[in-house]
Amino acid sequence: MEKLTFDSLQVGDALPSISHTVKQETFWKYAVGSFDYNPVHCDPDWVSTAQPFGIPQTVAHGMMTWSFMVTVATNWAYPSTATITKITSKFLRPVPAGTTMTCSGIVSEKHVIRPGKHFVVVELKAENQDGDLLGVSQAEIVFPE
Amino acid sequence: MNRINFERFFETEKQKIFGTDFFADAEDYEAWDEIDFESQEDIPGEQTFEVKAEDLKYYAAGVLDDNPFMTDEEYARNSPYGGLIPHPVFLTQITFWCIGVKGRGNWIRTPGARNPGQEVEIYEPFRVGEIIHIKMRPHDRWIKRKKYYLNYKIDFYNQDNVKKACWIVELVLPKSKEDIRKFIKGIRGVEV
Amino acid sequence: MSRSNLEQFFETGKQREFDTDFFKGAEEYEVWDEIDFDSQEEIPGEQTFEIKAEDMKSYAAGCLDDNPLFTDEEYARNSPYGQLLAHPIFHTQIIFWCIGSKGRGNWIRTPGSRNPGQYLEIYEPFRVGETIHLGMRPYDRWIKRGKYYLSYEINMYNQDNVKKAKAIGTLILPKSRDDIRKFLQGLRGLED
Amino acid sequence: MEKVTFDSVQVGQALPSLSHTVSQETFWKNAVASFDYNPVHCDPEWVATAQPFGIPQTVAHGMMTMSFMVSVAANWAFPAMLKITRMQSKFVRPVPAGTTVTCTGVISEKHVISPGKNFVVLELKAENQNNEILGLCKTTVVFPD
């Protein structure tokens, strides 16, 4: 990843995207990594009847989808020692095992404050293999002097 | 664009003395690319605003709102409010008045500016008799889809320094003085 | 749901200690319609989180992020950052650990809850060796389109009480204890 | 002064709507009322060539459209002693003279906090005669009892 500077950036620049195919094992692994062992992610038997999302499969953690999207931003920003200060997320569809999630991002806003305080807003999104929107996230990334 | 179009609608003292020609000093308005974001201390408005019943009443009339709480002093006095209360967006009138023509924040008068949306918070309704002063400072400035956004955070205080409201006032502006000059000459100075 | 599915992935001391059965004690979790919004002072978590390199590395691995800044201490030490970094969403691990199963905020473990979206502000990056404690308080609770939302403001401080980050954690919850019981029996305890 | 209790209001409840047909005179009157004499609202000759919105007509003040929408909230809230505390608007289309602006409002969220702090969120909308959205305004109304 080459070094980015605030001035070299343009609104509309695309960030390199990443993708992952998620399985039940991925959910278990993330549960361990996050201490979030909610059965809706981890317990296929229970979910087949309880179905919080109205479907009988376990689904990915919202926080994992969020982490995937934020990884697009960190891969892009950290080589330039830029820091992420504010992030929001919205999860739009449950993500069952077997989904291939592609996360991408674009620079949507350039905030010209002052050296050391300039920041960009990056719109991140996660889509499945059919191009349906799974989640969106917005990150504010501050660039160093 | 002369005043006669407006004069027939003048009802309040303030309306009669306010500078209605936004072109007059447009060259000196703060431009998007010249705003100083360095100093973060509060900037006062050019003048203060003493709230009179006529100001409230004619703001409501100006937005075609005939709600008696805002327009009928007698009705309002007998209501639990005990007196006139303003339309919640009355602070628009206060802001244009307090910012005036020469002071910081006069970019809100820029010919060619567009209003993308606002965010207002009201802590206490303004009341007749209060003397309002504003404190403002640059809050955010960005580019999105080729449009140049600027906003100032404006806090409204009364004579006892009670904070009455807060408004993040935001406009899409011409980028530079040069673009403002185009607009002054009647030529489109944005997204060209 | 046997622990063995999960144990294969345990990498850290905390992971071996943590109670992975969200059903256990679920009857006592805080419930949407019983949260006390009156007192606004910050409530601590059930335990604190002493950050070890293994915790950060395991979070990155858990979200399939192989960025060496998060996973390779040697690489991170030689980078401009000078030390291992946490993935920005690492706070999830801290929060679930610190809230634990008995203390306030344990509604985040509720079987049947759904995650509509989150908000996070990072002031200082987390560092290996810091001991983090939470300061939480009820933030908002609302109904929208038949869904029951609850959010807590969760502040994260280190051992010197420096505020490292602030999250607004929000979930869509079953409305009452009865609805949670339905979920405990494997039934759908939701109206929408 | 009919009392409106927090329990009596329901998510989805519609508020009485209002509508106004705006003319150049309306814009002049509003300019006087708000001290906002921007030529884009007041100066038909200038706007014919300057066209900040890419159209040769003057358009309504955003703050007037916002005021129309907020009036829907005030007409409902004031008689019941409810407090309007927060408003967040978005202007979607310019409103040229001749437009009939119809404003509607619906209770979209009920926030159950504690007595004296309960509030609802209103989603207010302004549309023109072809039902195209002119503006949106999210308004918070607090129940003081």
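The values are calculated or read from the model by the stated rules, or taken from the named source; none is laboratory data. Every value quoted in this text rests on a predicted model; they were computed, and no experiment measured them. Every residue, glycine among them, receives a Cβ derived from its backbone with ideal geometry; neighbour counts consider all protein chains shown.
Considering only residues that are out of contact with any Phe, Trp or Tyr (no Cβ under 6 Å at 6 or more places or on another chain) and within 7 Å of chain C (Cβ to nearest Cβ), which ones fall in region A:71-97? Passing the criteria: A:71, A:74, A:75, A:78, A:81, A:84, A:85, A:86, A:87, A:90, A:91.
A quick yes/no check of all residues on (1) β-branched (Val, Ile, Thr); (2) in a helix (DSSP H, G or I); (3) surrounded by fewer than 18 Cβ atoms within 10 Å (Cβ to Cβ); (4) under 14 Å from the mean Cα position of the chain (by Cα):
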{"site": "A:26", "(1), (2), (3), (4)": "yes, yes, no, no"}
{"site": "A:36", "(1), (2), (3), (4)": "no, no, no, no"}
{"site": "A:40", "(1), (2), (3), (4)": "yes, yes, no, no"}
{"site": "A:52", "(1), (2), (3), (4)": "no, no, no, no"}
{"site": "A:66", "(1), (2), (3), (4)": "no, yes, no, yes"}
{"site": "A:72", "(1), (2), (3), (4)": "yes, yes, no, yes"}
{"site": "A:86", "(1), (2), (3), (4)": "no, no, yes, yes"}
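Selection over region A:9-43 of residues that are more than 9 Å from chain C (Cβ to nearest Cβ) and either free of Cβ contacts under 8 Å to residues at least 24 places away in the same chain or acidic (Asp, Glu) (or both) gives a count of 2.
Table: residues versus (1) in contact with a strand residue (DSSP E or B) (Cβ under 7 Å, 6 or more places away or on another chain); (2) at pLDDT 90 or above.
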| site | (1), (2) |
| --- | --- |
| C:44 | yes, yes |
| C:72 | no, yes |
| C:80 | no, no |
| C:96 | no, yes |
| C:102 | no, yes |
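Here residue B:24 clears all of (1) touching a helix residue (DSSP H, G or I) at 6+ places or on another chain (Cβ under 9 Å); (2) within 14 Å of chain D (Cβ to nearest Cβ); (3) small (Gly, Ala, Ser) except the condition numbered (1). Looking across region D:26-66, the residues that are part of a helix (DSSP H, G or I), in contact with a His (Cβ under 9 Å, 6 or more places away or on another chain), within 13 Å of residue D:95 (Cα to Cα) and not aliphatic (A, V, I, L, M) come down to D:26, D:27, D:41. If you go through region B:162-192 and keep only what is modelled with pLDDT of 90 or more, part of a loop (DSSP other than H, G, I, E, B) and either over 27 Å from residue D:83 (Cα atoms) or polar (S, T, N, Q) (or both), you end up with B:174, B:175, B:176. For region D:85-112, which residues satisfy the criterion of being of a type in the set (A, V, I, L, M, F, W, C), closer than 23 Å to residue C:145 by Cα and either more than 13 Å from the chain's Cα centre (by Cα) or not in a strand (DSSP E or B) (or both)? Within region D:85-112, D:107, D:112 meet the criteria.
In region B:74-106, the residue that is nearest to the other protein chains (Cβ to nearest Cβ) out of those that are in contact with a strand residue (DSSP E or B) (Cβ under 6 Å, 6 or more places away or on another chain) and over 19 Å from residue D:85 (Cβ atoms) is B:97.
Scan region A:88-108 residue by residue and report those that are of a type in the set (S, T, N, Q) and surrounded by 20 or more Cβ atoms within 10 Å (Cβ to Cβ). Answer for region A:88-108, where residues must be of a type in the set (S, T, N, Q) and surrounded by 20 or more Cβ atoms within 10 Å (Cβ to Cβ): A:89, A:99. Checking the stated criteria, residue C:33 turns out not to satisfy the condition of being surrounded by fewer than 18 Cβ atoms within 10 Å (Cβ to Cβ), free of Cβ contacts under 8 Å to residues at least 12 places away in the same chain and more than 12 Å from chain A (Cβ to nearest Cβ).
When D:28, D:46 are checked against the criterion of being out of contact with any Lys or Arg (no Cβ under 8 Å at 6 or more places or on another chain), touching a residue at least 12 places away in the same chain (Cβ under 8 Å) and not β-branched (Val, Ile, Thr), a single residue qualifies: D:28. Of all the residues in region B:137-163, those that are of a type outside the set (Phe, Trp, Tyr) and either surrounded by 21 or more Cβ atoms within 10 Å (Cβ to Cβ) or within 14 Å of chain A (Cβ to nearest Cβ) (or both) number 14. Taken over region C:89-133, the residue count meeting the criterion of being at the interface with another protein chain (Cβ under 9 Å from one of its Cβ atoms), in contact (Cβ under 8 Å) with a residue 60 or more places away in the chain and on the phi > 0 side of the Ramachandran plot is 1. Can you name the number of the only condition in (1) away from chain A (no Cβ under 12 Å); (2) surrounded by fewer than 17 Cβ atoms within 10 Å (Cβ to Cβ); (3) farther than 26 Å from residue A:65 by Cβ that residue C:187 fails? Among (1) away from chain A (no Cβ under 12 Å); (2) surrounded by fewer than 17 Cβ atoms within 10 Å (Cβ to Cβ); (3) farther than 26 Å from residue A:65 by Cβ, the lone unmet condition for residue C:187 is (1). Among the residues of region D:8-25, those that are in contact (Cβ under 8 Å) with a residue 60 or more places away in the chain and either within 10 Å of chain B (Cβ to nearest Cβ) or in a strand (DSSP E or B) (or both) comprise D:14, D:15, D:16, D:17, D:18, D:19, D:20, D:21, D:22, D:24.
Criterion applied to A:113, A:141 was being within 12 Å of chain C (Cβ to nearest Cβ) and closer than 30 Å to residue B:152 by Cα, and the one residue passing it is A:141. Filtering region C:55-100 to residues that are charged (D, E, K, R) and either assigned to a loop (DSSP other than H, G, I, E, B) or under 22 Å from the mean Cα position of the chain (by Cα) (or both) leaves C:55, C:57, C:65, C:66, C:72.
For region D:1-45, a residue qualifies if it is among the basic types (Lys, Arg) and exposed (fewer than 14 other Cβ atoms within 10 Å of the Cβ), and exactly one does: D:3.
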